[in-house]
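Every number in this text was worked out from the coordinates using simple rules, so none of it is lab data. Please read these numbers as outputs of a predicted model, since none were measured by experiment. All Cβ positions, glycine included, derive from the backbone under ideal geometry; neighbour counts span all protein chains shown.
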Number of protein chains: 2
Amino acid sequence: MEHDEAIAGLREAFQTIGKRFTSQRRRIWELFAAHPAGLTISEAAEGVRDGGIGHTTVYRTVKELTELGYLQWVHDRDGEHRYIAGRGGHSHPLVCRGCGRVLLIDCQGMSTLHKLIAVQTGFIVDGHHLEVFGTCPDCQARRG
Amino acid sequence: MEHDEAIAGLREAFQTIGKRFTSQRRRIWELFAAHPAGLTISEAAEGVRDGGIGHTTVYRTVKELTELGYLQWVHDRDGEHRYIAGRGGHSHPLVCRGCGRVLLIDCQGMSTLHKLIAVQTGFIVDGHHLEVFGTCPDCQARRG
DNA sequence: TTCTTGTTGTAAAAAATTTTCGATAAGTTT
DNA sequence: AAACTTATCGAAAATTTTTTACAACAAGAA
């Protein structure tokens, strides 16, 4: 299963950096995984409050998961950070403006872009952040 | 002059949306224009405090300038928003990890990327946000 | 079990952002 | 210029967001 693989990967990732994969960390990640449109930190804190998880833990965990590559942020219309679950590695969010759903896509052709920019500017390019916006097939159908 | 043109453009832009181009708005924009590495909102507020401009005004003005396309944000290492001066229109920040300097570049090849993604995902793609990171020529030289 | 160390939640503190409102300044009309 | 109208401003207060401190707790090792 998709989900169990991610959990196993997470456990290993935390172990690697000498940290424990606690039930809180697990539940917080699962909350994000259950929301394809992502959550802000305060929404996430709200979402696990009933479970007795404090907001301090949410802040800490979101930071850790982000560093491990298991969460990445996108911007909603207000420029606010919204975190979405991924499975490590480098990919880019394709955000639907209609329903907010996020599809992670990989970056073909970006290394070409790096080289192009390097030649034109003299910079040594070593990274990028890309978000793509549009309308998903479902929302297209819904509107005719 | 570069600077005067921008000021003239700004005056016109504010007029167009029925707002006044006050000395505060001007000074705030000029502060950003004088900092190629950009400023956070609190840095900007700090920078104009001696001039008697309150932080409330800075918040309001940064929002306006951003909507007008005369400021755009990038992320520093902490994921914090840093605003940099531009001259309207769509461009992408190339950020030096060494000195923080930002070069605005235009987006060649991105419409091709849009089409590619559209074909692969079924999304109608209509926009993107791209930040590129690297090391500028000066910082390369400085390190040998 | 005992020891050691990382993790958690609560409460408090600090920082960032927004709201409210009377005073002021800019642009218009007379 | 004077009177008028309206956007804008800054200070203070309120709210929200994020961080810090610390005692209790939980997990793994010996």
Seminar exercise, completed: Across all Cα atoms of the stretch A:1-89, Rg and the largest Cα-Cα distance (Dmax), in Å, are 12.3, 37
Exercise. What is the helix-to-structure angle for A:23-33, meaning the angle in degrees between its Cα long axis and the longest Cα principal axis of chain A, kept from 0 to 90 and rounded to the nearest 10?
Worked result: 40 degrees
For this session: Springs between alpha-carbon atoms under 10 Å, Gaussian network over chain A: tell me which of A:D76, A:D106, A:D50 tops the mean-square fluctuations.
Result: A:D50
Exercise. Plugging the Kirkwood radius over Cα pairs into Stokes-Einstein for the stretch B:79-144, at a temperature of 37 °C and a viscosity of 0.692 mPa s, what D comes out in µm²/s?
Worked result: 234 µm²/s
Problem set entry | Per principal axis, descending, Cα span of the protein assembly as shown in whole Å | 61, 57, 42
Problem set entry | Greater than 25 Å apart at Cα, pairs in A:K63/B:K63; B:K19/B:K63; A:K19/A:K63 | A:K63/B:K63
Seminar exercise, completed: Charge dipole of chain B built from unit charges on the beta carbon (Lys, Arg +1; Asp, Glu -1), centred at mean Cα; most positive-end Cα among B:T16, B:V125, B:V95 is B:T16
Exercise. Which residues in the stretch A:107-144 have a backbone N closer than 15 Å to a point placed 7 Å from the Cα of B:V119 along the Cα-to-Cβ line?
Worked result: A:108-109
For this session: May I ask for the distance between the Cα centers of the stretch B:49-68 and the stretch A:23-49, given as a whole number of Å?
Result: 34 Å
Exercise. To the nearest 20 debye, what charge dipole does the stretch B:90-144 have about its Cα centre, counting +1 at the Cβ of each Lys and Arg and -1 at the Cβ of each Asp and Glu?
Worked result: 280 debye
Seminar exercise, completed: Free-by-geometry Cys in chain B, Cβ-Cβ under 4.7 Å as pairing rule, reported as B:C99, B:C107, B:C139
Problem set entry | B:A37 paired with A:E46, simple spin-label distance in nm, labels 7 Å along Cα-to-beta-carbon | 3.8 nm
For this session: Can you quote the Å³ per residue value for the convex hull of the Cα atoms in the stretch B:22-144, rounded to an integer?
Result: 137 Å³
Exercise. Taking the Cα centre of the protein assembly as shown as the origin, how large is its charge dipole in debye, to the nearest 20, when only Lys and Arg (+1) and Asp and Glu (-1) carry charge on their Cβ atoms?
Worked result: 220 debye
